[in-house]
Ligand code: DGJ
């Protein structure tokens, strides 16, 4: 008897220990804790820390205006819980919280906070204020109507856009004051519970319809010198600048002072009309080429600096009140029509990460709204120069289910969030499956992020096998097509991408999770040159503890040659070596 009681106590202690390592569940919303959400460095990456533990945001973004009505949201919350989310991206409208200048109404926000808490969901608030998708539909009426006091952007052709100018202190200060009021309120009503874990400042900023602002204020700045502050930063970081940007500066002679055009080259020729684009794959090879470089870089760099400075002032004002992590999201450059102005020029694109890091130090993350098919490439382009990967907008479904594994496993992502989650009428079972796998693996993922002991692959049906070095072995992953069941009608749907995460938990031990992938191993350290599969078991993690299911061999390991992750799941494998 005594021995069994002792064993149970030991077991309880170890579960308690594991669950303090990381959280993807937000069961602790409502329980007071000291540490406010923040980013913490681990190895080569930074993790989001919530209530003292790394937090992997398994999120979804609501449609733009869903959170402007507590009633509208009531039937939606249970759906979000069913979708295995632990956090929700919800818009906060400047116009709704400050209908009259200096008069704030947070009643709707308080309702959203209350209901998120009661569903154990964390919130990422999206500050829809000066800018939204390269235009300005969220400023309050007292701003919109007073276009003298709150000036707009003008195109080279002289057309005024419904877009607040970055060159107006009045625009900036009005936005910053409202944002400070919002963050002061968040601190007051959520300072202990930390339901709000992160803030997005504005939404997809930049100039649409032209590659830069041509209003008088803007032209005056454009004809002036590049700020010394920016030049000092670029000189200081010259060897680690993003290559696309560095090439643009180099092409103009690496000048260290002068006007914007003297330093970064000529802007868009007046006779080049910016098309209002319709983005349409498939892309031609030359499209991809132009997608990976800058066009009339000076216009985009000039706007990026001015948006960064403005957004930084807004973020700083908010952080003084409540210092939680803040990010900006980018409407991505597209392969065809790759010109600034087709996508919002000056937004936080991969090619201007340096400008945003120089101009907006109060912004912690530059985040891609990743709808493009070049998922792996865009993740790699944004996860540079110490910029952590957070994906506030993307798609769910089978593709999302694969891509979320890749984002967390390969790029130490902080979070993943399909857009418009309240629009779906049926549960997204593919994504739910992947969110469940990540929830199970969360303590391990959090432990291995930034340490080079974890990786992942993302494979399209016709992709060649991919090799990744993780720990002491090299893993070769191939796309595994679903088995064709005799007599079953072949699906007309194109096969989705596949993905798998690999975590090296010992010299010859791995946890491998995902779907539609087969994996072989080879050693990359001295010794017998052939890897063999010793123990292979499928299983689950419960409360952070591994619970093995079937022990696999024979048909389920290619007769001992490879791991077979045809169906979604987690496998633990130990290897031996022979020659
Ligand atoms: C990207 C924006 O960030 C979202 O708010 C939304 O407008 C989508 N585009 C389109 O639904």
Right, residue 47: over 22 Å from the mean Cα position of the chain (by Cα) and either at negative phi or surrounded by 16 or more Cβ atoms within 10 Å (Cβ to Cβ) (or both) or not?
-> no
The listed residue being within 16 Å of the ligand (Cβ to nearest atom) and at pLDDT 95 or above, out of 43, 91 = 91
When (1) surrounded by fewer than 24 Cβ atoms within 10 Å (Cβ to Cβ); (2) within 19 Å of residue 558 (Cα to Cα); (3) in contact (Cβ under 8 Å) with a residue 24 or more places away in the chain are applied to residue 485, the one that fails is (3)
Confirm whether residue 187 is more than 16 Å from the ligand (Cβ to nearest atom) and on the phi < 0 side of the Ramachandran plot.
-> yes
Mind checking which pairs have a first residue in segment 57-83 that is over 18 Å from residue 126 (Cα atoms) and part of a helix (DSSP H, G or I) and a second that is more than 16 Å from the ligand (Cβ to nearest atom) and at pLDDT 95 or above, Cβ under 9 Å, 6 or more apart or different chains?
-> 71/111; 78/119; 81/119; 81/120; 81/121; 82/432
Every residue from segment 250-265 that is under 19 Å from residue 346 (Cβ atoms), in a helix (DSSP H, G or I) and without any contact (Cβ under 8 Å) to a residue 40 or more places away in the chain = 261, 263, 264
Those residues of segment 542-552 which are surrounded by 14 or more Cβ atoms within 10 Å (Cβ to Cβ) and touching a strand residue (DSSP E or B) at 6+ places or on another chain (Cβ under 7 Å) amount to 546, 552
Of all residues making up segment 383-404, the number that are in contact (Cβ under 8 Å) with a residue 40 or more places away in the chain and over 24 Å from residue 63 (Cα atoms) | 4
Report, by residue number, each residue of segment 140-184 that is more than 16 Å from the ligand (Cβ to nearest atom) and under 20 Å from residue 64 (Cβ atoms).
-> 140, 141, 143, 144, 161, 164, 175, 178, 179, 182
So is residue 439 away from the ligand (no atom under 16 Å from the Cβ) and surrounded by fewer than 24 Cβ atoms within 10 Å (Cβ to Cβ) or not?
-> yes
Inspect segment 226-240 for any residue being outside any helix (DSSP H, G or I) and crowded, with 21+ Cβ neighbours inside 10 Å and give the result as yes or no.
-> yes
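The values are calculated or read from the model by the stated rules, or taken from the named source; none is laboratory data. Here the structure is a predicted model, which is why all the values come from computation and not from measurement. Counting neighbours? That spans all protein chains shown, and the Cβs are built from the backbone with ideal geometry, glycine included.
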